[in-house]
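One structure is given here, and the rest of the page talks about it.
The values are calculated or read from the model by the stated rules, or taken from the named source; none is laboratory data. Please read all numbers here as calculations on a predicted model, not as lab measurements. Here the Cβ positions follow ideal geometry from the backbone for every residue, glycine too, while neighbour counts run over all protein chains shown.
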Amino acid sequence: MNKAAMEEADIVVIGAGFSGLYAIWRLRNDHKVVCFEAGDGVGGTWYWNRYPGARVDIQSVEYSYGFDDALQQEWHWPEHFSAQPDLERYANHVADRFGLRDFIRLSNAVQSLHFDAETDRWHVRTAKGDVVSCRYVIAATGALSVPNSPPWPGRELFKGPIYHTADWPREGVDFTGKRVGFIGTGSTGIQAMPIIAQQAAHLTVFQRTPAFCMPSGNKPLDPAFERDWKANYPQRRKQLLETYGVSTIQYPEFSAHDCTPEQREEILENAWNSQSAFQLLVCFSDVMTDRAANEIVCEFVRGKIRQIVKDPATAEMLCPRTYPIGGKRLCIGNGYFEMFNRDNVTLVDVKADPILAYTAKGLCTAGVEYELDAIVTATGFDALTGSMNKIDITGLNGRKMVDKWANGPTTYLGAMVAGFPNLFMIHGPMTPGAQAQMITSGEWQVNWTAGVISDMERDGYTRIDTTEVAEKSWADEVDMVSEATVHKLADSWYNAKNIEGKKGGFMIYIGGFPRYSSLCAAAVKEGYKGFVRR
Ligand code: NA7
């Protein structure tokens with residue numbers, strides 16, 4: 001297409017999830033903004049992940065927008081940890097209330113981005129054939145938005161349906177009378193399975209790695225608690241941004257080693273029953289930094305599993321032993337371990353005997369063919385890099401992002417990639433991502449990005465890029481802080497080890513949000529250190 005025929009915009013936002021919606025709101029008054037969204041509705045993660053039991057694991061008074069005080073005063077969350085339908089309803093409410101739909105083109109995924117170095121503009125092409133020339137692109141594409149489906153052969157042979165939890169049918173699925181095979185025992189599987197087990201004739205759980213899980217303690221939102229948050233929202237939001245994980249979950253001062261065995265037991269028991277997700281990870285100051293302290297918590301959870309699950313052999317199979325608790329995100333359940341006491345649930349170890357293929361009747365390993373009527377995969381995501389690599393992105397000198405990231409992502413501050421000017425990522429690889437409460441930290445990142453764009457205009461520049469030297473300094477910072485915690489001892493989507501053959505190293509910034517945000521702010525304040533503007 002010739003340039004004259006292209007639609008012009010100032011900013012293209014990719015994705016109408018929570019960060020994308022906020023980016024539209026934040027930038028729409030001063031810029032011509034166009035947002036492309038792959039789904040036919042808004043909400044991102046909470047649009048796609050509509051599997052039974054889908055629920056956020058952060059309390060909703062925190063996991064919500066703070067940009068508009070009237071919104072946070074008026075909105076009522078029915079439950080402490082909101083279920084997917086409420087989160088999707090909230091995203092739709094925000095889109096309607098702030099008139100954001102006018103800027104969003106649904107069912108219209110961005111397919112390619114091409115930087116024109118002559119004009120310092122991105123050319124954006126989409127699934128529906130839209131072609132937009134814009135000054136800036138903000139990729140709010142989501143950390144967990146490309147489902148991972150292991151490439152077992154024979155998918156077409158299987159007579160029944162195969163579902164991925166991240167692409168769940170809107171109308172729901174009725175498993176009544178069905179023999180269901182369920183693969184994946186991460187946060188998603190643990191939420192979905194107890195509900196499916198109540199419906200299915202039989203549920204076979206294919207477990208590769210057992211998960212640490214604690215009870216969610218979900219409950220209706222307490223009116224006094226809600227009033228208290230609403231009376232103090234501005235301070236609370238500010239305080240959240242000053243904490244490691246942008247959350248009220250805080251470490252105590254004392255180490256596990258300062259406590260007697262009896263004190264530890266009491267603290268751990270209280271944490272287990274706290275109705276506060278993640279409390280087990282902060283019951284001592286050193287759970288996430290000291291292997292021995294961590295093992296005390298691990299053994300406590302194994303003890304709980306042995307108490308809850310009646311069959312000793314099944315209980316042992318469910319006990320995680322190969323990685324520290326918190327090394328992967330702690331799963332929050334509602335009756336997960338209890339589910340294994342049902343007569344219609346069987347646990348299979350696919351670490352020992354891996355799944356090899358789909359068959360006409362179900363799934364087979366080297367030793368067994370499992371006969372199934374339906375298969376559910378909760379096998380996670382091509383996390384952090386997947387959503388960017390899915391777009392054909394060409395930067396300066398014809399360089400493709402996918403080539404540049406062949407051995408894993410390189411970024412500066414998780415926000416920009418050298419050679420791809422004027423392209424900003426929100427919750428990109430090497431940001432705190434899921435280590436921080438993502439709505440509030442996403443708002444912060446969007447505000448930072450909006451500030452950079454506004455400075456560009458104030459200072460009369462048309463191009464901002466970063467450098468490979470700056471990328472290297474950020475990689476060193478990401479590595480340095482990741483050495484300080486037990487995360488490095490677990491294989492997970494944080495370090496690209498959830499998918500066979502994926503390269504990446506440690507892709508999450510584990511140094512805490514205050515350190516992350518102060519480094520981003522300092523880079524700007526120190527004359528755009530690590531950036532090149534022209
Ligand atoms: P996760 O946490 O990545 O879990 C995926 C699960 O799928 C996990 O149990 C995996 O086992 C399992 N898996 C993946 N590939 C295979 C193969 N090939 N064979 C058997 N099992 C497999 O994704 P979730 O959707 O549960 O949660 C993602 C995030 O959402 C979570 O961290 C929260 O932030 C919310 P593995 O443990 O890798 O051995």
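When GLU468 is tested against (1) touching a Gly at 6+ places or on another chain (Cβ under 9 Å); (2) surrounded by 15 or more Cβ atoms within 10 Å (Cβ to Cβ); (3) touching a residue at least 24 places away in the same chain (Cβ under 8 Å), just one condition goes unmet, and that condition is (2).
Looking at region 134-160, which of its residues are of a type in the set (Gly, Ala, Ser), over 30 Å from GLY17 (Cα atoms) and more than 16 Å from the ligand (Cβ to nearest atom)?
GLY160
On inspection, PHE182 fails the criterion of being away from the ligand (no atom under 14 Å from the Cβ), in contact (Cβ under 8 Å) with a residue 24 or more places away in the chain and among the aromatic types (Phe, Trp, Tyr). Could you list all residues from region 70-116 that are under 21 Å from ARG236 (Cβ atoms) and touching a Pro at 6+ places or on another chain (Cβ under 7 Å)? If the condition is that a residue be under 21 Å from ARG236 (Cβ atoms) and touching a Pro at 6+ places or on another chain (Cβ under 7 Å), then PRO78, GLU79, ASP86 are the ones that fit.
Residue by residue, here is whether (1) surrounded by fewer than 17 Cβ atoms within 10 Å (Cβ to Cβ); (2) of a type in the set (Ser, Thr, Tyr); (3) over 19 Å from ARG55 (Cα atoms); (4) not assigned by TED's automatic domain parsing to the domain that holds ALA366 holds:
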{"residue": "LYS159", "(1), (2), (3), (4)": "yes, no, yes, no"}
{"residue": "GLY172", "(1), (2), (3), (4)": "yes, no, no, no"}
{"residue": "PHE175", "(1), (2), (3), (4)": "no, no, yes, no"}
{"residue": "ARG179", "(1), (2), (3), (4)": "no, no, yes, no"}
{"residue": "PHE182", "(1), (2), (3), (4)": "no, no, no, no"}
{"residue": "THR185", "(1), (2), (3), (4)": "no, yes, no, no"}
{"residue": "ALA192", "(1), (2), (3), (4)": "no, no, no, no"}
{"residue": "ALA200", "(1), (2), (3), (4)": "no, no, yes, no"}
{"residue": "THR204", "(1), (2), (3), (4)": "no, yes, yes, no"}
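From the residues in region 208-241 that are within 15 Å of the ligand (Cβ to nearest atom) and among the hydroxyl-bearing types (Ser, Thr, Tyr), which one is surrounded by the fewest Cβ atoms within 10 Å (Cβ to Cβ)?
From region 208-241, those within 15 Å of the ligand (Cβ to nearest atom) are 208-214, 216; that's our starting set.
Next, from what is left, pick out any that are among the hydroxyl-bearing types (Ser, Thr, Tyr): 209, 216.
Numbers: THR209: 19, SER216: 22.
Per the stated criteria, the residue is THR209.
Here ILE190 clears all of (1) assigned to a loop (DSSP other than H, G, I, E, B); (2) farther than 22 Å from ASP40 by Cα; (3) touching a strand residue (DSSP E or B) at 6+ places or on another chain (Cβ under 8 Å) except the condition numbered (1). In region 84-104, the residues that are closer than 21 Å to VAL56 by Cβ form no Cβ pair under 7 Å with any partner that is of a type in the set (A, V, I, L, M) and surrounded by fewer than 16 Cβ atoms within 10 Å (Cβ to Cβ), whether six or more places apart or across chains. Given THR462, THR466, which one is among the β-branched types (Val, Ile, Thr), over 27 Å from SER285 (Cα atoms), more than 16 Å from the ligand (Cβ to nearest atom) and touching an Asp or Glu at 6+ places or on another chain (Cβ under 9 Å)? None of the other options fit; the residue is THR462.
Checking the stated criteria, LEU21 turns out not to satisfy the condition of being under 30 Å from GLN279 (Cα atoms) and either touching a Phe, Trp or Tyr at 6+ places or on another chain (Cβ under 9 Å) or at pLDDT below 95 (or both). Remark: pairs (first residue in region 65-78, surrounded by fewer than 18 Cβ atoms within 10 Å (Cβ to Cβ) and part of a loop (DSSP other than H, G, I, E, B); second residue small (Gly, Ala, Ser) and modelled with pLDDT of 95 or more; Cβ separation under 6 Å; 6+ apart in sequence or on different chains) are absent.
Could you look through region 396-423, keep only residues that are of a type in the set (Phe, Trp, Tyr) and surrounded by 22 or more Cβ atoms within 10 Å (Cβ to Cβ), and pick out the one that is nearest to the ligand (Cβ to nearest atom)?
Residues of region 396-423 of a type in the set (Phe, Trp, Tyr): 405, 412, 420.
When the remaining residues are screened for being surrounded by 22 or more Cβ atoms within 10 Å (Cβ to Cβ), the result is 412, 420.
Numbers: TYR412: 25, PHE420: 27 Å.
Result: TYR412.
Residue by residue, here is whether (1) of a type in the set (Lys, Arg); (2) at pLDDT 95 or above; (3) in contact with a Ser or Thr (Cβ under 7 Å, 6 or more places away or on another chain) holds:
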residue: LYS230; (1), (2), (3): yes, yes, no
residue: GLY245; (1), (2), (3): no, no, no
residue: TYR251; (1), (2), (3): no, no, yes
residue: PHE278; (1), (2), (3): no, no, no
residue: SER285; (1), (2), (3): no, yes, yes
residue: GLU295; (1), (2), (3): no, yes, no
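Within the group GLN239, GLN199, which residue is within 26 Å of the chain's Cα centre (by Cα) and over 16 Å from ASP57 (Cβ atoms)?
Working: GLN199 fails: within 26 Å of the chain's Cα centre (by Cα).
Just one listed residue meets the conditions, GLN239.
If only residues of region 360-379 that are over 32 Å from the mean Cα position of the chain (by Cα), more than 15 Å from the ligand (Cβ to nearest atom) and of a type outside the set (D, E, K, R) are counted, the one that is surrounded by the fewest Cβ atoms within 10 Å (Cβ to Cβ) is GLY367.
Whenever a residue of region 496-523 is assigned by TED's automatic domain parsing to the domain that holds MET430, its partners that are polar (S, T, N, Q) and surrounded by fewer than 17 Cβ atoms within 10 Å (Cβ to Cβ), lying with C-beta atoms within less than 9 angstrom and at least six residues away or across chains, give the pairs LYS503/ASN407; GLY504/ASN407; GLY505/ASN407. Residues that are within 16 Å of the ligand (Cβ to nearest atom) and closer than 22 Å to PRO85 by Cβ within region 185-207 comprise GLY186, SER187, THR188, GLY189, ILE190, GLN191, ALA192, MET193, PRO194, ILE195, ILE196, listed in sequence order. Restricting to region 218-262, name every residue that is part of a loop (DSSP other than H, G, I, E, B) and either in contact with a Cys (Cβ under 8 Å, 6 or more places away or on another chain) or of a type in the set (Phe, Trp, Tyr) (or both). Within region 218-262, TYR244, TYR251, PRO252, PHE254 qualify. Taking region 305-319 as the range and being buried (at least 20 other Cβ atoms within 10 Å of the Cβ) and touching a residue at least 60 places away in the same chain (Cβ under 8 Å) as the test, only LEU318 passes.
Can ILE393 be described as away from the ligand (no atom under 16 Å from the Cβ), surrounded by 18 or more Cβ atoms within 10 Å (Cβ to Cβ) and outside any helix (DSSP H, G or I)? Let's see the steps before the verdict.
Details: away from the ligand (no atom under 16 Å from the Cβ): yes; surrounded by 18 or more Cβ atoms within 10 Å (Cβ to Cβ): yes; outside any helix (DSSP H, G or I): yes.
Yes, satisfied.
Taking first residues from region 34-51 that are aliphatic (A, V, I, L, M) and partners that are in a loop (DSSP other than H, G, I, E, B), the Cβ contacts under 7 Å between residues at least 6 apart in sequence or on separate chains come to ALA38/ALA109; VAL42/ALA16.
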